[in-house]
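Following: one structure in structure tokens, then a few remarks.
Since every read-out is calculated from the coordinates, none of them should be taken as a lab result. The shown structure was predicted, so the numbers you read here are calculated from the model rather than taken from an experiment. For neighbour counting, all protein chains shown are included, and Cβ atoms are generated from backbone atoms with ideal geometry for every residue, glycine included.
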């Protein structure tokens, strides 16, 4: 491709002494070929079945309804115009691995981990059979089309997780048969509420979100164990458009703002409180495209809640510790006239909100599953295991490096996420440039930038798979980095 020397991103990369690793590029699936793979895996009717599903990303239900019907059905305004169009070269690049491969120097990237677009939704399909067919087809397609370019890019396997068995089966196939080494997992599973299953059409709208790590319908520890065995670092890229407060029927941007962060925070909290990082300390978990600000806030909130509401401190609020005689004397001395005649306060009129109820001891320690006994345990179970995907133009990435504001003076693990192929990056040639502007605007240092685009991406994958970058153009740089970290350890 012409124009590499003209690219600002290429110039920035040329002056660095370390690679730039993109932890979140995107491909735009070429539907005719995807449909061929669907038919190959699921039979001749697989495509028609997928297009007919109400929750299919290809159903376009919103567009088939009138404005009045959208209002009556509260049909959420979906994504629109996600991929480049006026920039036709970028549109083609997002669908053609060979073209992307040829342009990586121009884009300023040494290596990129490629995520799907349609595939982000396939893992959430409600049809149990078709979900597995669709994910298998997409994994086969991407394994075939990206294999030739493995030295500079690798696609992720999409892994459905409605049950641990389903997830393990697809993960085994993707790694052992297809040779994939990265995985996209849904951050939640939408499940029907059991009590509503006999309520007709209303049951379709009565659901709860299984966040995998806490209060799940299944024990997912066998999956995490399989991830360790196969060398897979779980990555979550689910959105929350259409859920709760992000369900405008007319405004996509309203729904989109903050939705990746909300979904990431939910699964992150579940993994933490469910004790997954305690039981599997060697696993890293990445949450993409939501930025780092929510991670900084979550760490601070965890510490604040521990300080004010751990099992020991909670006893300060136990109704059993009330000095009833003192309470009645104070009310007698200070209560306004309307209060008189109501003391002693009858127990049967005491609300749960103001007075609380007797709690079982085993229900009080909400930190038991994650084994937090001291405040510092929060740091040790959170900071090393969680990685936060940040787009290049996200100025809030700087918060991850702010040791003055972050709890424990921590530096959170941020991953550079170009989002190439989607509208967040209008021109792929600006990928590295956008990220480097954080340095030019003095929001982060050059050392911070090195961690953002190189150190953290390497550590996120090699903690569980030291050979992740073997055979790639960044193999030697990654090996030197791991040797340095091993020496420090």
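The modelled label-to-label distance between residue 358 and residue 318, using points 7 Å beyond Cα along the C-beta direction, is 1.2 nm. Counting only alpha carbon atoms, the long axis of helix 31-42 and the longest principal axis of the chain meet at about 70°. Could you check what % of the DSSP bridge pairs in the chain are antiparallel, to the nearest 5? Antiparallel bridges: around 15 percent, rounded to the nearest 5. With a Förster radius of 41 Å applied to the beta-carbon distance between residue 102 and residue 365, the computed FRET efficiency rounds to 0.15. Shown is the FRET efficiency for residue 61 and residue 405, computed with R0 = 56 Å from the Cβ-Cβ distance and rounded to the nearest 0.05: 0.80. Just the Cα atoms of region 1-114, one point each, no solvent: what log10 I(q)/I(0) does Debye give at q = 0.12, 0.14, 0.18, 0.23 Å⁻¹? Each listed q maps to, in turn, -0.66, -0.80, -1.01, -1.27. Distance between the 7 Å Cα→Cβ label points at residue 225 and residue 440: 5.2 nm. So what's the gap between the Cα centers of region 406-472 and region 123-187, to the nearest angstrom? For region 406-472 versus region 123-187, the Cα centre distance is 24 Å.
Assuming R0 = 25 Å, what is the FRET efficiency of residue 247 and residue 423, from their Cβ-Cβ distance, to the nearest 0.05? Computed FRET efficiency for residue 247 and residue 423: 0.75.
Averaging the Cα positions of each part gives two centres, and for region 227-284 and region 311-338 these lie 42 Å apart.
Using just its DSSP H runs of length 4 or more, each adding -39500 (n - 2.57), the chain gives a mean residue ellipticity at 222 nm of -11500 deg cm²/dmol after division by all residues. Quick one: angle between helix 259-273 and the longest Cα principal axis of the chain, in degrees between 0 and 90, rounded to 10, please. That helix lies at roughly 60 degrees to the long axis.
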